[in-house]
Amino acid sequence: MSQQTTIRKLAALVNTPVEKLLEQLATAGMPFSDPDQVVSSTEKVKLLGFLRRTHGKTDKAEVAGEAPKKITLSRSRKQELTVGGGKSRSTVDVVVRKKVTLVRPDSAEAAQAGGDDERAEILRKLEESRARNAAEQKALEESDRRRAEEAEREKREAEEAALRAAEEAKRAAAEPEVIPVTEDPLRNQPSSHGHGHPPKPPARKARTGAAAEEEDRSRRFAGQMHLSASERARRSSSTRGKPKSRRQSDQARTGTGFTRPTAPVVRDVAIGETITVAELAQKMALKGGELVKQLFKMGVMATINQVIDHDTAALVTEELGHNVVKADEADVENALMAHVEESQGEKAARPPVVTIMGHVDHGKTSLLDYIRRTKVATGEAGGITQHIGAYHVETDKGVISFLDTPGHAAFSSMRARGAKLTDIVVLVVAADDGVKPQTIEAVKHAKAAGVPLIVAVNKMDKSGADPMKVKNELLEQEVVAEEFGGDTQFVELSAKTGQNIDGLLDAISLQAEVLELQAVIDGRATGVVIESSLDKGRGPVATVLVQQGQLRKGDYLVCGVQYGRVRALFDEAGKQVDSAGPSIPVQVLGLSGVPDAGDDFVVVEDERLAKDVAQQRDTKRRDSRLVAQAGNRMEDIMAQMGQAEGQLSLNLVVKADVQGSVQALREALTALSTDAIRINVIGSGVGGITESDAQLASTSKATIIGFNVRADASARKVIETNGVDLRYFSIIYDVIDQVKQVASGILGVEIREEIIGTAEVRDVFRSSKFGAVAGCMVVEGVVKRSKPIRVLRDNTVIFEGELESLRRFKENVDEVRVNTECGIGVKQYNDVQPGDQIECFERVEVQRTL
Ligand SMILES: Nc1nc2c(ncn2[C@@H]2O[C@H](COP(=O)(O)OP(=O)(O)OP(=O)(O)O)[C@@H](O)[C@H]2O)c(=O)[nH]1
């Protein structure tokens, strides 16, 4: 690659005639004869120095007669580079610039070395650099060539692969599916349950045919409990024997697309309060049957469509290795809550809600009736007040609402359902009778609920009234009158004469003021159902107590599991009203069904939400009931079986006029159950006793309890024909008493042994006539000849039998009393010893009671 220059070329380059250049060269000491003679670089440099000198320019190098101190040679070369691969491959023009700089050694060194040596060195280095350049250039060319070859080869391979794929796809379409067994990642992987499969030989011949396929599949899925959705899809598609799609086969071969997980899939399974077995199985991607089996292993017998409770579902889910997540079933409820909160506004004072409690016959009903009769404004002229479960009165000091179901049964049943309705409890105590068991119970209930008490000392008109006694007795219950330094107001009154009833109302208003009761006055109403019934003409009727907001005619509301639009509102005077505010009881018409006492109600904007919430609650309630009824655990079944053996049962059908009474009775009666007898309320409801109630009672041998309701003609017929036990009541305590009696009748009598006397053996005489006769002292009770005896030694019974003889001073007697000596001959037993005890007992029949 030497760049040799002739004199002619140089002359053209420097734009000088050839002759002149020859001349100059000659002058510079380099005589050339032929213009085509080559001029070396050194000669060029020399010429340059000469020319500069002749033009008067200084050149140290030349002056010193030396070569230039630094020479830089540069060159550039253009070449093509291929970048990227496949589709993105492209060519780029690249300019390669080379620059070589040669530096002259130090002038001191240079001074030592001769000028020609130096030039020779430079030339050598120049030559070396040229050689290096050439080598590099060659290497570059070589790598370019290799790259081009590589690209060519890749292109060729890709074309071949495409061709092969097309052929294979064609072949696959013609043949049944063959699972590429060697690709299976699960194959060499132990399963989560420890059933590891030995590694397969790498290249197994692909098998075709259903049997091979089945075997292969079972091998692959054995011990693998959880299949992902795609696995299932794969399984089912292969089961159907469909050929693989081209895409699938391409994916399988190229390894692209989905790869089966190598470990069991752990799922987050959302479980609500209840779930059906089928639904749970689906959530775990498991066959229903598998889950049934798993449940059975855990001791739970359930069918695929059965509802199981949350705990059981959670257990089995965890057992199968999945995570349990609490399902957010309260979606609609949340929407409802948001709805309620949204309607909250400014709060203002509200009237108090009062419940009256006290011992039986102390005058609760009389008090409520007196207040209602004298204080509730009747609607139209001659209108009569109605019992709707609550009423409100207007006093000088404000409005007061009374809950009209006296007694703590209703109070506690409401409280048990989470409904806190009562602000103040008025405890009625008859001044002539004082504190009685139910008075104490009422105090306990009020205290447990954290509700303040006002004591109404009733029957003050009676001659035997002793209010101070009441105050003192209540002190023991920690109910301290104001005059004793406590905070409980005592009001002495008479429900009969109406004496000081206003004083009681004042006391209530005062207490309410202290409590600073508040509620949102405007906005959507919320509250609680106090009573409900099914009216023949008007449909479901519910008395509700509004707790917040205004309940208006036309409002949509959800009420327990019922919903509807308020068709009409009635107050306790039977008068239609347009709205009811906080603490005001009102009768509502227009619900889809009869709600339960204690259910809450919420007014909502539209019917849809009301319906959704009601339906969701209904489903939930039904499911919970199903779970409760199912008794699906083995233990439960066993327990029930055990119970059936030893435990008697009394079945009852309870019908009452209002829902509150039904609930109170059901709870009170069921609570009478003991280990010996179980009280089952197998049917209950609001309304008269119907034929179906009678039929139910007849088939299940139940007693019918009619509380303020009567049996209709067809029911009476069934009752008479089948001899069903029917009893009517109007007082709750009577029901309880009678049920106790009936239960006792079922329990029957029990034989009890009573020891009537014990005698100690002091000496033993043996006579040929009577055998062994024990000389005894009666130490306890009386020993009777006609009664059975036991002989005890060291407090252990060693013989049980009868007396042969009982004598006192050789005389036969029928009985011997305590501290008397006697001779006892035991029938068929001659082994009596001094120190033994002879116990005389009798068997008595005792009526079993609850
Ligand atoms: N003399 C007098 N008798 C009263 C007074 N209050 C109630 N009575 C009578 O006491 C009896 C019982 O009264 P009720 O009001 O039924 O008593 P109760 O506490 O509601 O009774 P139960 O509903 O059975 O729990 C009735 O005969 C009433 O007439 C009163 O202030 N003075």
The stretch 268-326 - charge dipole about Cα centre, Lys and Arg +1 at Cβ, Asp and Glu -1, debye rounded to 20:
200 debye
Between GLU802 and LYS701, what is the spin-label point distance in nm, taking each point 7 Å from the Cα along the Cα→C-beta axis?
3.7 nm
At R0 = 30 Å, how high is the FRET efficiency between GLU168 and ARG146 if r is their beta carbon distance? Nearest 0.05 is fine.
0.40
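So which chymotrypsin sites (Phe, Trp or Tyr not before Pro) in the stretch 712-799 end up in coil per DSSP with only 15 or fewer other C-beta atoms within 10 Å? List each step's numbers first, then the result.
Numbers: sites: TYR728, PHE729, TYR733, PHE765, PHE770, PHE799; in loops: PHE770.
Here the chymotrypsin sites (Phe, Trp or Tyr not before Pro) that fit, given the DSSP loop and packing criteria, are PHE770.
Taking square-rooted eigenvalues a ≥ b ≥ c of the alpha carbon gyration tensor, is the stretch 268-326 rounded, prolate or oblate, where a/c under 1.5 means rounded and, failing that, a/b exceeding b/c means prolate? Let's see the in-between values first.
Working: a/c = 1.34, a/b = 1.25, b/c = 1.07.
Judged from the Cα gyration tensor, the stretch 268-326 comes out rounded (a/c under 1.5).
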What shape does the stretch 7-53 take by its C-alpha gyration tensor, where a ≥ b ≥ c are the square roots of the eigenvalues and a/c under 1.5 counts as rounded, a/b above b/c as prolate, and the rest as oblate?
rounded
The set of residues whose placed amide H lies less than 5 Å from the amide H of GLU531, leaving out same-chain residues fewer than 5 positions away, is THR543
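Cut-off is 10 Å between beta-carbons; in what order do SER583, SER41 appear when sorted fewest neighbours first? Before the final figure, lay out the partial values.
Values: SER583 26, SER41 16.
Listing SER583, SER41 from fewest to most nearby Cβ atoms yields SER41, SER583.
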Residue separation times 0.36 nm, minus the C-alpha to C-alpha distance between MET468 and GLN282: what's the value?
59.8 nm
Can you tell me the FRET efficiency between ARG716 and LYS740 if r is taken as the Cβ-Cβ distance and R0 is 25 Å, rounded to the nearest 0.05?
0.45
Applying 1/(1 + (r/R0)^6) with R0 = 22 Å to the Cβ-Cβ distance of LYS810 and SER768, what FRET efficiency is obtained, to the nearest 0.05?
0.90
Sequence of MET460, MET301, MET337, MET357 once ranked by neighbouring C-beta atoms within 10 Å, starting from the fewest:
MET337, MET301, MET460, MET357
Which stretch or stretches of the stretch 714-748 have amide N atoms under 18 Å from the point lying 7 Å from THR690's Cα along the Cα→Cβ direction?
714-719
Interchain or long-range residues, amide H under 5 Å from VAL38's placed H:
none
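Computed from the coordinates by the stated procedures, all read-outs in this text should not be read as laboratory data. Remember, predicted model here, so these are calculated numbers, not experimental data. Note: ideal-geometry Cβ built from the backbone for every residue, glycine included; neighbour counts use all protein chains shown.
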